[in-house]
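These notes are about the structure you will find just below.
Every read-out reported here was derived from the displayed coordinates using simple, explicitly stated rules and does not represent laboratory data. Keep in mind that what you see is a predicted model, and the values were worked out from it rather than measured. Every residue, glycine as well, gets a Cβ built from its backbone with ideal geometry; the counts of neighbours run over all protein chains shown.
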Amino acid sequence: MINALDSTSTRPYLIRALYEWCTDNGFTPYVAVLVDDTVQVPREYVKNGEIVLNVSFDATSSLKLGNDFIEFKARFAGSAREIVVPIGRVIAIYARENGQGMAFPAPALASSSGGEKGDEASAPPPRMPLRDASRGNEGDASKVVHLVAVEGSDEARDDEGHAPVDPEPPKPPAGGGAKPSLKRIK
């Protein structure tokens, strides 16, 4: 019997599922990648050690979403390039149009296990505001973070990176303004 520590990573399966969800719904799938020497991408497009790649059908050719690597060919400034990204370096996959998707814990810089299984539980997950590939250090490393639209990224957050929830909705302004109404447009 295989125990949880010996099983394969769920990351490649989740990446493939979210890729399929994006394409089925007409969204453009983007992957955010933490770049190191194992990642083959155009270095001139890497910012702060990360790169965001459009992996849509229209932007790539020969796309392979494997268990160990994401591989494809793409054009950057008109020049064809071979892209190879180890699955463990993918920190998020999301739809460009609405930011919905999933972020993964960033791999550890140095891991004694030398593999992705140990990497997933050793670093905090990234927090990604809508359409932004920047990451924060909040959160619990044992959880996968779901990307959601955030109104303003400067609002207060709890220890897990979530915005506080008001116990009751705001009250209407005093003074008895006009009642809200629904206007039909034909």
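Of the GluC sites (Glu not before Pro) found in the range 1-109, the ones in coil according to DSSP and having at most 15 other Cβ atoms within 10 Å of their Cβ are Glu97.
Candidates Val90, Ala108, Ala74 compared by Cα position along the dipole of the range 1-109: farthest toward the positive end lies Ala74, with charges placed on Cβ.
Exactly which chymotrypsin sites (Phe, Trp or Tyr not before Pro) in the range 3-90 are in a DSSP loop and have at most 12 other Cβ atoms within 10 Å? Walk me through the numbers on the way to the answer.
Details: sites: Tyr13, Tyr19, Trp21, Phe27, Tyr30, Tyr45, Phe57, Phe69, Phe72, Phe76; in loops: Phe27, Phe57.
When the chymotrypsin sites (Phe, Trp or Tyr not before Pro) of the range 3-90 are filtered for loop state and at most 12 Cβ neighbours within 10 Å, Phe57 remain.
Tally Lys and Arg at +1 and Asp and Glu at -1 over the other residues with C-beta under 10 Å from the C-beta of Ala74: what net charge comes out? Its environment carries a net charge of +2. Could you tell me whether the range 1-87 comes out rounded, prolate or oblate from its Cα gyration tensor? Rule is a ≥ b ≥ c as square roots of the eigenvalues, rounded for a/c under 1.5, then prolate if a/b exceeds b/c, otherwise oblate. In terms of gyration-tensor shape, oblate. Summarising the label geometry, the points placed 7 Å from Cα in the beta-carbon direction at Asn25 and Ala108 lie 3.4 nm from one another.
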